[in-house]
1. In the list B:F279, B:F245, which residue meets the criterion of being open to solvent by less than 10 Å² (accessible area, probe 1.4 Å), among the aromatic types (F, W, Y), under 28 Å from B:I196 (Cα atoms) and free of Cβ contacts under 8 Å to residues at least 60 places away in the same chain?
2. Sort out which residues of the range A:253-284 are assigned to a helix (DSSP H, G or I) and either assigned by TED's automatic domain parsing to the domain that holds A:V52 or acidic (D, E) (or both), and write them in order of number.
3. Residue under question is B:N232, and the condition is that it be of a type outside the set (V, I, T), touching a strand residue (DSSP E or B) at 6+ places or on another chain (Cβ under 6 Å), more than 8 Å from chain A (Cβ to nearest Cβ) and within 24 Å of B:N202 (Cα to Cα); does it hold?
4. Of B:G25, B:G53, B:G32, B:G14, which residue is among the small types (G, A, S) and under 26 Å from B:G148 (Cα atoms)?
5. Tell me the residue from A:E26, A:E13 that is open to solvent by less than 20 Å² (accessible area, probe 1.4 Å) and in contact (Cβ under 8 Å) with a residue 12 or more places away in the chain, please.
6. So A:E54 fits all but one of (1) over 24 Å from B:N294 (Cα atoms); (2) among the acidic types (D, E); (3) within 14 Å of another protein chain (Cβ to nearest Cβ); what number is the exception?
7. Filter the range B:265-276 for residues that are more than 7 Å from chain A (Cβ to nearest Cβ) and of a type in the set (A, V, I, L, M, F, W, C); which is least open to solvent (accessible area, probe 1.4 Å)?
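The values are calculated or read from the model by the stated rules, or taken from the named source; none is laboratory data. The structure presented is a predicted model; accordingly, all values stated were derived computationally and were not measured. Neighbour counts are summed over all protein chains in view; Cβ atoms, including those assigned to glycine, are modelled from backbone coordinates with ideal geometry. The protein model used for the area step is the full one, side chains on, heavy atoms only, and it has no ligands, DNA or RNA in it. Shrake-Rupley method; radii C 1.70, N 1.55, O 1.52, S 1.80 Å.
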There are 2 protein chains.
Amino acid sequence: MLKLVECVPNFSEGRRPEVIDAIVGEARAVSGVKVLDVKPDASHNRVVVTLVGEPQAVKAAAFHACAKAAELIDMEQHHGEHPRIGATDVIPFVPISEVSMEECVELAEQLGAEIAEKLNIPVYLYEAAAKSPARKNLPDIRKGQYEGLKQEIVKPERHPDFGPAKMHPRAGATVVGARQFLVAYNINLGTSDVKIAKKIANCIREAKGGYKYVRALGVMIEDRNVAQVTINMIDYTGTPLFRVFETVKSEAARYGVNIIGSELVGLTPMQALLDVAEFYLRLEGFDRKQVLENRLFE
Amino acid sequence: MLKLVECVPNFSEGRRPEVIDAIVGEARAVSGVKVLDVKPDASHNRVVVTLVGEPQAVKAAAFHACAKAAELIDMEQHHGEHPRIGATDVIPFVPISEVSMEECVELAEQLGAEIAEKLNIPVYLYEAAAKSPARKNLPDIRKGQYEGLKQEIVKPERHPDFGPAKMHPRAGATVVGARQFLVAYNINLGTSDVKIAKKIANCIREAKGGYKYVRALGVMIEDRNVAQVTINMIDYTGTPLFRVFETVKSEAARYGVNIIGSELVGLTPMQALLDVAEFYLRLEGFDRKQVLENRLFE
């Protein structure tokens, strides 16, 4: 079966299309890599690129794009609303298929070392690749942004994980890491009472004693006059969709309310939906190699 | 997204590995075609080959394999337990992904015409590709087998759909057609009373007033001491897995019996399982392009 990782590098350029094209072109040129999405934001002055493909190919694509960004983006001239510390601001690897989180952490480490060594850019490891709790969250690493980190990088507690304790004169610093795929999932309730959606959101979100990998809010969908539990599933392998759906169903029943539907926003790895089918059909001994499409690339 | 068809040609050779290899080798040599399975049966003296890939590539692979079989198999010398009328006995096309049944019927017609024209083999169209109800079922076309059809092919009602009304002197005749993917699905009950499984099987099978595309039997799984409803889903797009599961659950409850699990035997198209997830999560506006893996081949 095909080994697949996703990689979502963020570059500090959202206004000059020719620069964005040149950076993305480097990734696109790598065989075995598919560019799924390019989302520039002019006010953030930032572009989010989504790559997917085999691990080593995706890593190579991320490196070449990062090198091109270092060539074409000058952080001394960069202004935008989004926090950032470098031309290539952050590069997360995401396991999709037949790849473990550990393998994504290794990819992040390999890429971080390569960026530091070949491009002389300081690199920080974050999320699942973080070497200490203080480096786990991106905002902590990005504190002070490019301008602030330029001063503080010499302090031992802010030394990078790879490369010099000195900002690259144009490209700044880069954060590389590994995380799970974020599934954006909404559940619509058969009520226009947003208070019920808010109560249910509190039942399932980690912050209120709910599921570890769930972020949730109760909101009103005005044009449908429907209350919605809007959810970020930050690790569908740890907290699966069906469990959240069933809990919302059970909590809604407490108020005599039904689930009228749910929505997946954007992309979802196949596995997240196979897990749902496996649960509800009570499948025994199911192997994803039984999905015909998964046999194409053996 | 990738357009995929499956093709499952059956050849009248199950004993000489070198002949099987030569036939399968022709299919394997076509770029864009994956040979998923080769199942020879010596007592049937027959081999079932499973190919998958893009429609035109799969059609080409089936043609070349059929030509090689005509070269290497002599029906005058062929003996085996399984009914057959030709060296390439039957070639069904099966829609898997982004391909309609109509497209598979067209593929069958194109291949049938090509086999008749280039190899001078009479071809019958069956199942979804049949031109008349009398040709729908394979056993009707195969009546009398190779030896009988050799005499009867001259009768107007047994004339082929393509090619001469005369058997090929070595290769006989071939049946080409299109059908849905058969999903083999078993549901295990929390009882050792096989009578309950038999009653439930009768609720869901077409023959007894059940679902149109369901064949089912109640059987005993001796080593687990569990009664099972064993099911052939002959068209999961017409009768989906979740509907059968829910009906079995409801009928079993009539006897105070639970479903303890279910099993998929062999391969299943991804769509059959996505349909299950879509049903149970009550997904609104779901598009299979939201499955990340489906975006790889756009």
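1. B:F245
2. If the condition is that a residue be assigned to a helix (DSSP H, G or I) and either assigned by TED's automatic domain parsing to the domain that holds A:V52 or acidic (D, E) (or both), then A:D275, A:E278 are the ones that fit.
3. yes
4. The unique qualifying residue is B:G14.
5. A:E13
6. Unmet for A:E54, out of (1) over 24 Å from B:N294 (Cα atoms); (2) among the acidic types (D, E); (3) within 14 Å of another protein chain (Cβ to nearest Cβ): (1).
7. Ranking the qualifying residues of the range B:265-276, first place goes to B:A272.
Yes/no matrix, rows are residues, columns are (1) within 25 Å of A:E293 (Cα to Cα); (2) polar (S, T, N, Q); (3) modelled with pLDDT of 95 or more:
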{"site": "B:E26", "(1), (2), (3)": "yes, no, yes"}
{"site": "B:G32", "(1), (2), (3)": "yes, no, no"}
{"site": "B:H64", "(1), (2), (3)": "yes, no, yes"}
{"site": "B:A70", "(1), (2), (3)": "no, no, yes"}
{"site": "B:E114", "(1), (2), (3)": "no, no, yes"}
